[in-house]
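Contents: one structure, followed by commentary.
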Amino acid sequence: MTSTEQSRRKYDALADRYEEIFFYVADVGRRLVDVAAPQPGARVLDVGAGRGAVARAALVRGCVVTAVDSSGGMVARLRSDHPTITARQLDASRLDFPDGSFDLVAAGFLVQVLDDPAAALAEFRRVLAPGGTVALSLERQTVGRLGWLHELNARFFGSPGETADALSADRLDTLLAEAGFDRLTRTEVDIPKPMADPRALWNWLALQGVPQALETLPPDRAAEFRRAFFAGAEEMHDEGGIVLDFGATLHRGVSAPK
Ligand SMILES: C[S@@+](CC[C@H](N)C(=O)[O-])C[C@H]1O[C@@H](n2cnc3c(N)ncnc32)[C@H](O)[C@@H]1O
């Protein structure tokens, strides 16, 4: 299976609970659109739209919104949840729109999951009108006081490949400049999420399929994971509380004259 097919399946499977798990995306979507500040009536393309965190914020501003995603499951939900948005199943690097079709191309937490972000940025510039705006959010890797949980996951399930060569904010600005965007700005966003107790943290992990992952381990290993998890979570709870420290960087640029 190619990485594109894998990604499609992953997001198809996540579509119905996506914004429940990733509770910060709606907030970041609003802030990203605030940073881009499109005028009412502006033609906005949300790429890798997911459940529409960015698209919704653009609709609220009176924009004419098109949303695309490579996952059929996400596109189906976009169509049923937001009938006024034009939703299409398309890949970010092959946008089926004529040159200069949009005033703003926005993408929330997309570029970090692409194999070839440069190809997508070139396509974003192509479909933007001259002087149009690009706005991208990028997840900031924050481990902080949750280091114990990352170590636990690595010990039982191996290190997640995604974080090994994660796209940095500096690298993204370089790619934006190389793709022909200038007047680049960057805004940092912090989204701490306090969890009431260890059980609440467990329930949040459960939404992401941790119980199913544990079923792939021998029963004694699964029990060991649970014990180590609750011991680590109790300790964090007692030492200042459990907080998920999410963060994002918002990148904005303008399509430079060709
Ligand atoms: C991390 S989610 C972000 C969703 C949404 N933008 C948000 O801010 O909540 C990434 C989304 O990009 C989509 N995606 C992944 N690879 C893509 C590609 N090559 N082209 C278009 N969409 C893609 C996924 O299906 C998923 O919906």
Looking across region 81-102 at residues that are open to solvent by less than 20 Å² (accessible area, probe 1.4 Å) and assigned to a strand (DSSP E or B), the single one that is farthest from the ligand (Cβ to nearest atom) is 102
Long-range neighbours under 7 Å by Cβ, at least six apart or interchain, first residue closer than 26 Å to residue 193 by Cα and aromatic (Phe, Trp, Tyr) within region 1-29, second within 7 Å of the ligand (Cβ to nearest atom) and part of a helix (DSSP H, G or I): 11/74
Determine if region 36-59 includes at least one residue that is closer than 20 Å to residue 117 by Cβ, within 11 Å of the ligand (Cβ to nearest atom), open to solvent by 40 Å² or more (accessible area, probe 1.4 Å) and not aliphatic (A, V, I, L, M). no
Wholly within region 196-258, which helices (runs of 4 or more DSSP H) include no fewer than the required count, namely at least 1 residues that are of a type in the set (Lys, Arg)? 198-207, 219-238
Condition met for residue 143 (free of Cβ contacts under 8 Å to residues at least 40 places away in the same chain, within 18 Å of residue 23 (Cα to Cα) and loosely packed, with under 13 Cβ neighbours inside 10 Å): yes
Within region 170-185, can one find any residue that is modelled with pLDDT under 95 and not in a helix (DSSP H, G or I)? no
Suppose we filter 65, 105 for residues that are under 22 Å from residue 16 (Cβ atoms), in contact with a helix residue (DSSP H, G or I) (Cβ under 7 Å, 6 or more places away or on another chain) and in a strand (DSSP E or B); which single one remains? 65
If only one of 28, 33 is assigned to a helix (DSSP H, G or I), open to solvent by less than 10 Å² (accessible area, probe 1.4 Å) and more than 10 Å from the ligand (Cβ to nearest atom), which one is it? 33
Please specify each residue of region 108-135 satisfying the condition of being surrounded by 20 or more Cβ atoms within 10 Å (Cβ to Cβ), more than 10 Å from the ligand (Cβ to nearest atom) and in a strand (DSSP E or B). 128, 132, 133, 134, 135
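The values are calculated or read from the model by the stated rules, or taken from the named source; none is laboratory data. Predicted, not measured: the structure shown is a model, and the values here were computed from it. Using ideal geometry, Cβ is built from the backbone for each residue, glycine included, and neighbour counts are taken over all protein chains shown. To get the accessible areas, we keep the full protein, side chains included, count just its heavy atoms, and leave off ligands, DNA and RNA. Shrake-Rupley method; radii C 1.70, N 1.55, O 1.52, S 1.80 Å.
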